[in-house]
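Chemist: Handing you this structure, nothing more for now.
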Amino acid sequence: MKVSLATEMAPPFALVAHFFIAGVVFLFLSSISLLFLSGEISSYFVSPLFAAFAHLYLLGFVMMIIFGAMYQLLPVVLEAPIFSKDFAYVQFYMYIVGFLMMISGFLFSSLHLLIPYGATITYLSMVIFCVNIFLTFLRLEQINFVGKFLLVATIFLFTSVTIGLIMGFVMGHGSFEIDLMAWVKAHMIGTLGGFVMMVVMGVAMVLIPMFSLAHGFSDKWIKVAFYVQSTGVSLSIFSFLGGFSTLISTFSLFLIALSLFAFAIQIAVMLKSRARKQNDYWVKNIVFAVSSLLISIGLILIGFIYDLQNFALAGGFLFFFGFLLCFIVGHIYKILPFLIWYDKFAPLVGKQKVPLLHQMIKTKVADFQTLSLFMAIIIQVLGILFSIQNLFFTGALIMLLSNVLVVYNTWYTFNYTIKE
Amino acid sequence: MAITQEEVYASIATVIDPEVGFDIVSLGLIYGVVIEGEHVHVNMTLSTKACPLHELIKQWTKDAVLKIEGVNSCEIEIVWEPAWTIMMANDEVKKALSF
């Protein structure tokens, strides 16, 4: 199977750029909102400010980057163009409008009625995404392994946003009664475990060997992860929505933890077989991300077994930032220069001197940003574990600085010009 | 004047992998060059099947060969056996990638 980041199958760079630019801007905004959450680090209480932050970070940053990466990677993984580029543009603008209505509703109590309408628009935009992806798959005669990850991920996305929409209506209008906490759990498991993690696992099998020049490794662990994760997430959604016994929901979460563990082993196996041994900011981000994933599973397990809220919260924080943020930012540094290089400089090869990819990133800034991000995450996790608000706030400040540097490097890459 | 292997390799060595920063001859990606009169056949591989520049590197290599005086046609064949490993690269590349 030939897989690449950019072939004739890939969509125009302008489309992917929409999602990447929006994602980085929302990362910056979410970092600012994190500064105001120090007072909420010792409880499970979901305040409107927390909801605004969580949606800014997850919907605004994580999902935006994943959508952009999906539109870029899917056609080349499947060796077939995306069904409709117009659908993708419509999805982007609807998503922005709906998502900003939701954020406004969370932030300003007078606008809370915007939440269900924003949620509906966001839902419809995601349905457009799902339909676009499903129709792309429908035209294929066979689906490779990475494709299976992305297809199952999209099915989970469709399921979980439908759950989210119903919750939005119940919260906005109180139309009928549901066990809101159980539905929130199903929504989160479906989105994070089902969509985000399945996409991350699938694309990791393309990107990590590609960037690290890893060869001849066994892929048995990722196969285990695929089946166990799909089963665990499905069982978990059913158990929360159906009000099944705690034993079943606990077992489903155990399956998900097992799958994440298998994924971590697969990454280690790939990195061990890499020809490219430099430990640059990309490798550091991957290693920190996978370590955070494993530690977060441990902290969450301890939190649930011994009923220690701060451990569970610290584990959750480590998953969202130690794992997701580092994994994504590390890959932004690799993918973005390549896409811009391909769009801007590839046609100039042989005609004039063109830059190398790493020259399109301020590498010293990226190194400093990476270290400051690790420091911020460790400080904030300690702040949550020991319930020290000032420590958490200090970490949040460092994270803001780190994310400003991500914005700067993104701007630098987009505006890179050949020096005379 | 007959085209020589040295000329072909030297010309292909102007093709740089922008991700790794080395030319594709030093990386050991060129498995063989066959010269038949004015036609050149290049047998090569890529550092990974997932190489993002698959088509481009193939085209750049062809363009580089066609620049040689006396070459009228060129065929580039990408093969995956034997699979490329870092051991195929020259010492400078090995040192740079593996430190």
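The values are calculated or read from the model by the stated rules, or taken from the named source; none is laboratory data. No experiment lies behind these values; they were computed from the predicted model shown. Glycine also receives a Cβ, built like all others from the backbone with ideal geometry; neighbour counts cover every protein chain displayed.
Chemist: Just checking, does the stretch A:208-221 include any residue being of a type in the set (D, E), within 14 Å of another protein chain (Cβ to nearest Cβ) and more than 17 Å from the chain's Cα centre (by Cα)?
Modeler: yes
Chemist: Ok, one more. Inside the stretch B:31-63, can you point out the residues that are among the acidic types (D, E) and within 14 Å of chain A (Cβ to nearest Cβ)?
Modeler: B:E55, B:D63
Chemist: Can we say A:V365 is in a helix (DSSP H, G or I), within 29 Å of B:I16 (Cα to Cα) and over 21 Å from the mean Cα position of the chain (by Cα)? I'd like the intermediate steps shown before the answer.
Modeler: Numbers: in a helix (DSSP H, G or I): yes; within 29 Å of B:I16 (Cα to Cα): yes; over 21 Å from the mean Cα position of the chain (by Cα): yes.
Yes; evaluated as a whole, the condition is true for this residue.
Chemist: Also: What are the residues in the stretch B:4-30 that are touching a helix residue (DSSP H, G or I) at 6+ places or on another chain (Cβ under 7 Å) and either more than 12 Å from every other protein chain (Cβ to nearest Cβ) or farther than 20 Å from A:F211 by Cα (or both), if any?
Modeler: B:V8, B:S11, B:I12, B:T14, B:I24, B:V25, B:S26, B:I30
Chemist: Return the pair list, or none, for Cβ contacts closer than 6 Å from residues in the stretch A:182-207 that are surrounded by fewer than 24 Cβ atoms within 10 Å (Cβ to Cβ) to residues that are not in a helix (DSSP H, G or I), at least 6 apart or on different chains.
Modeler: A:V206/A:V3; A:V206/B:A50
Chemist: Please verify whether the stretch B:69-80 includes one or more residues that are loosely packed, with under 13 Cβ neighbours inside 10 Å, within 14 Å of another protein chain (Cβ to nearest Cβ) and modelled with pLDDT under 90.
Modeler: Within the stretch B:69-80 (the criterion being loosely packed, with under 13 Cβ neighbours inside 10 Å, within 14 Å of another protein chain (Cβ to nearest Cβ) and modelled with pLDDT under 90), the answer is yes, since at least one residue qualifies.
Chemist: Next question. List the number of the failed condition for A:A225; all other conditions in (1) within 14 Å of another protein chain (Cβ to nearest Cβ); (2) assigned to a helix (DSSP H, G or I); (3) not β-branched (V, I, T) hold.
Modeler: With respect to (1) within 14 Å of another protein chain (Cβ to nearest Cβ); (2) assigned to a helix (DSSP H, G or I); (3) not β-branched (V, I, T), A:A225 is out only on (1).
Chemist: Follow-up. Can you tell me which residues in the stretch A:340-372 are surrounded by fewer than 22 Cβ atoms within 10 Å (Cβ to Cβ), in contact with a Phe, Trp or Tyr (Cβ under 6 Å, 6 or more places away or on another chain) and in contact (Cβ under 8 Å) with a residue 60 or more places away in the chain?
Modeler: Scanning the stretch A:340-372 gives A:D343, A:V354, A:D367.
Chemist: Working only within the stretch A:58-106, note down all residues that are out of contact with any Leu (no Cβ under 8 Å at 6 or more places or on another chain) and farther than 21 Å from A:L336 by Cβ.
Modeler: Correct list: A:E79, A:P81, A:D86, A:F87, A:V90, A:Y93, A:V97, A:L100.
Chemist: Identify the residue in the stretch A:286-310 that is closer than 21 Å to A:A376 by Cα and of a type in the set (S, T, Y) and, among all such residues, is surrounded by the most Cβ atoms within 10 Å (Cβ to Cβ).
Modeler: Restricting to residues being closer than 21 Å to A:A376 by Cα and of a type in the set (S, T, Y), the top hit is A:S292.
Chemist: Further, regarding this structure: Residues in the stretch A:303-322 that are under 14 Å from the mean Cα position of the chain (by Cα) and more than 24 Å from A:M63 (Cβ to Cβ): how many?
Modeler: Final tally of qualifying residues: 0.
Chemist: Something else about it: Regarding the stretch A:234-255, can at least one residue be identified that is in contact (Cβ under 8 Å) with a residue 24 or more places away in the chain and assigned to a loop (DSSP other than H, G, I, E, B)?
Modeler: Within the stretch A:234-255, one or more residues are in contact (Cβ under 8 Å) with a residue 24 or more places away in the chain and assigned to a loop (DSSP other than H, G, I, E, B).
Chemist: B:L66 passes all but one of (1) within 14 Å of chain A (Cβ to nearest Cβ); (2) touching a residue at least 40 places away in the same chain (Cβ under 8 Å); (3) not β-branched (V, I, T); which number fails?
Modeler: (2)
Chemist: Another question, then. Just need a number here: residues in the stretch A:89-105 that are within 16 Å of A:M63 (Cβ to Cβ) and surrounded by 23 or more Cβ atoms within 10 Å (Cβ to Cβ).
Modeler: Total satisfying the criteria: 5.
Chemist: Quickly run through the stretch A:399-420 and pick out the residues that are surrounded by 20 or more Cβ atoms within 10 Å (Cβ to Cβ) and β-branched (V, I, T).
Modeler: Residues satisfying the conditions are A:V406, A:T410, A:T413.
Chemist: Report yes if some residue within the stretch B:85-92 is surrounded by fewer than 18 Cβ atoms within 10 Å (Cβ to Cβ), within 12 Å of the chain's Cα centre (by Cα) and either more than 11 Å from every other protein chain (Cβ to nearest Cβ) or of a type outside the set (A, V, I, L, M, F, W, C) (or both); otherwise report no.
Modeler: Among the residues of the stretch B:85-92, not one is surrounded by fewer than 18 Cβ atoms within 10 Å (Cβ to Cβ), within 12 Å of the chain's Cα centre (by Cα) and either more than 11 Å from every other protein chain (Cβ to nearest Cβ) or of a type outside the set (A, V, I, L, M, F, W, C) (or both), which makes the answer no.
Chemist: In the stretch A:110-122, which residues are hydroxyl-bearing (S, T, Y) and crowded, with 22+ Cβ neighbours inside 10 Å?
Modeler: A:T122
Chemist: A further question on this structure: Do you know which residues across the stretch A:262-301 are among the polar types (S, T, N, Q) and either touching an Asp or Glu at 6+ places or on another chain (Cβ under 6 Å) or within 14 Å of another protein chain (Cβ to nearest Cβ) (or both)?
Modeler: A:S273, A:Q278, A:N279
Chemist: Could you please let me know if A:G330 is in a helix (DSSP H, G or I), crowded, with 17+ Cβ neighbours inside 10 Å, touching a Phe, Trp or Tyr at 6+ places or on another chain (Cβ under 8 Å) and not charged (D, E, K, R)?
Modeler: Yes, satisfied.
Chemist: Now for a different question. Go through A:M167, A:M188, A:M181 for me and flag whichever is modelled with pLDDT under 95, within 17 Å of the chain's Cα centre (by Cα) and away from chain B (no Cβ under 14 Å).
Modeler: After applying the criteria, what remains is A:M188.
Chemist: Do we find that A:F323 is more than 14 Å from chain B (Cβ to nearest Cβ), out of contact with any Lys or Arg (no Cβ under 7 Å at 6 or more places or on another chain) and either farther than 24 Å from A:M70 by Cα or not β-branched (V, I, T) (or both) in this structure?
Modeler: yes
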